[in-house]
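Contents: one structure, followed by commentary.
The values are calculated or read from the model by the stated rules, or taken from the named source; none is laboratory data. Worth saying up front: this structure is predicted, and the values here are computed from it rather than measured. When we count neighbours, we look across all protein chains shown, and the Cβ atoms used for this are built from the backbone with ideal geometry, even at glycine. Note: areas computed on protein heavy atoms with side chains; ligands, DNA, RNA excluded. Shrake-Rupley method; radii C 1.70, N 1.55, O 1.52, S 1.80 Å.
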Amino acid sequence: GRPFDLGLGLLASVAGGEPIFGARLEGSVFPAHFPVGVRAAVSASLTHTQTIVQPASDAQWMRAALALGPTLRLGRAHPGVDLHAAAVAALLHVQGARLPETSGDISLQLGLCAGLRGLWAWQNAAGFVGADVFLYPGDDRLTIANYGDVGTLPRVEVQLVLGLGLGRFP
């Protein structure tokens, strides 16, 4: 049969030096007897907080990202290693805090992702650990309504994930 897997993992997102926890749902499918397949992942973390000097406040932000791209499964032995790359579409939610009136915004960010995943499979179940680097090369200005540009958002995000999955493994 066609190898595939679907997994759920807990992640630590590091962007701007601040680790925040989150979750990821990911899956991949491979043609029979071929090591290159397609991988999709949806991830989101809790809110990052960034201090703003003028006006004296905080910006809270988070990205919910969809990554889609090729994956390469190295070897058929366990543990296995997957290398992947992806195009990313993320919804960025920014919220001002400690301001006279609440201000927020949601926008689309496009980016790229590359990573690897170690996979330990037992029959139809697997444990995995992975690391991904996300790059968002577009607009990184942090803007709060009525105040204009007040800072920049990190363009690079690193996600470390630990999870469990089900599937058909070679």
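Points worth noting:
- The string of couplings for segment 78-90 from the Karplus curve (6.51, -1.76, 1.60, θ = phi - 60°) is 9, x, x, 10, 10, 10, 9, 9, 7, 8, 10, 10, 10 Hz, one whole number per residue in order, with x for Gly and Pro.
- Computed from the Cβ-Cβ distance with R0 of 25 Å, the FRET efficiency linking V129 to V42 stands at 0.85.
- Peptide packing for 114-124, 81-91 was compared via the average number of neighbouring C-beta atoms within 10 Å per residue; ordered from the highest value, the list is 81-91, 114-124.
- Local electrostatic count at L10 - Lys and Arg +1, Asp and Glu -1, tallied over other residues with Cβ under 15 Å: 0
- Whole-Hz ³J(HN,Hα) from phi, Karplus 6.51 cos²θ - 1.76 cosθ + 1.60, for segment 120-131, glycine and proline x: 10, 9, 10, 6, 9, 10, 8, x, 8, 9, x, 9
- 3J(HN,Hα) from dihedral phi, segment 44-49, Karplus parametrisation 6.51/-1.76/1.60, rounded to Hz, x for glycine, proline: 8, 10, 5, 7, 7, 10
- Accessible area per residue in Å² at 1.4 Å probe, computed on segment 1-45: 51
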